[in-house]
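The values are calculated or read from the model by the stated rules, or taken from the named source; none is laboratory data. Computed from a predicted structure; not experimentally measured. We place every Cβ from the backbone using ideal geometry, glycine too, and count neighbours over all the protein chains shown.
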Amino acid sequence: MQMLFERNIQLLFFQDHIAFWTNKVDADFHQHHYIQLTLAIGSTFFVEVDGREFTTSGVLIDSKKQHRLQGTNGWQLYLLVSPESVFGESLKNKIKTNKGFMLLDSDEIQSPEYILDITSWKDREHYDLLLSNLKKTLGIAVVDTDSRLDSRIQQALDFISDHTIEEINLRQISKYVHLSESRLSHLFKEEMGISLTGYLLHEKLKRAFLLIFGGKSLTESALEAGFNSSSHFTRSAREKLGMTPSAIKK
């Protein structure tokens, strides 16, 4: 887990999703590749999907689904989940019969087991508890994340960590861990809960945001993370996450 903190927004990066909580979201109609789960923290927010308007405490919105959202003065928690991950596939199964979105039960969402002190969420244990409770409410299996990874997948992760993303491709990684490309792809998804290609792009976005929050310029961050240019980074962030780097840093 990687955490980034600004005055009005805090971001956490995981292998299959990005979580952030903020009190400044006011998003016009847009869509993005990642599945969105939004949860109000002790309040409500406004959302419009398919021409229908709702005031709610929680909503789940499918990938590529047009929507707009306005927060209140309260805080909201956002989960942007890769649809190539096991978590994302589980969420898509929940909403495929609900025309691409579903409202979450207000009574369950606002129960004490979910509403934790915002300052305590910097602690991984508290966030894991919240995520586990959310998955249970949605009827999604809670996977044991403490199980030991296959040694070859750990080698692949170490290889990715030691190289810039632009230097890495499936062929290089499979050669390094002595697996065929097809076997590596299958084993990576099985062990990590996300496809290898999805993980690489997610990692590239994470590295770029870490550099930005570390004080580097948009262009420096984009190039060092493996994007061709700052505009390439901005397009990728908008397409995948529905937000631009400059908007996050405002």
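A few comments on the model shown:
- For the range 219-235, residues that are under 17 Å from Thr164 (Cα atoms) and either hydrophobic (A, V, I, L, M, F, W, C) or not in a loop (DSSP other than H, G, I, E, B) (or both) total 11.
- When the range 211-230 is limited to residues that are farther than 19 Å from Phe159 by Cβ and within 18 Å of the chain's Cα centre (by Cα), the one that is surrounded by the most Cβ atoms within 10 Å (Cβ to Cβ) turns out to be Ile212.
- Evaluation of Phe233 against (1) at pLDDT 85 or above; (2) surrounded by fewer than 19 Cβ atoms within 10 Å (Cβ to Cβ); (3) under 21 Å from Ser63 (Cβ atoms) (one fails), failing number: (2)
- In this entry, Glu239 passes the filter for residues that are outside any loop (DSSP other than H, G, I, E, B), at negative phi and in contact with a His (Cβ under 7 Å, 6 or more places away or on another chain).
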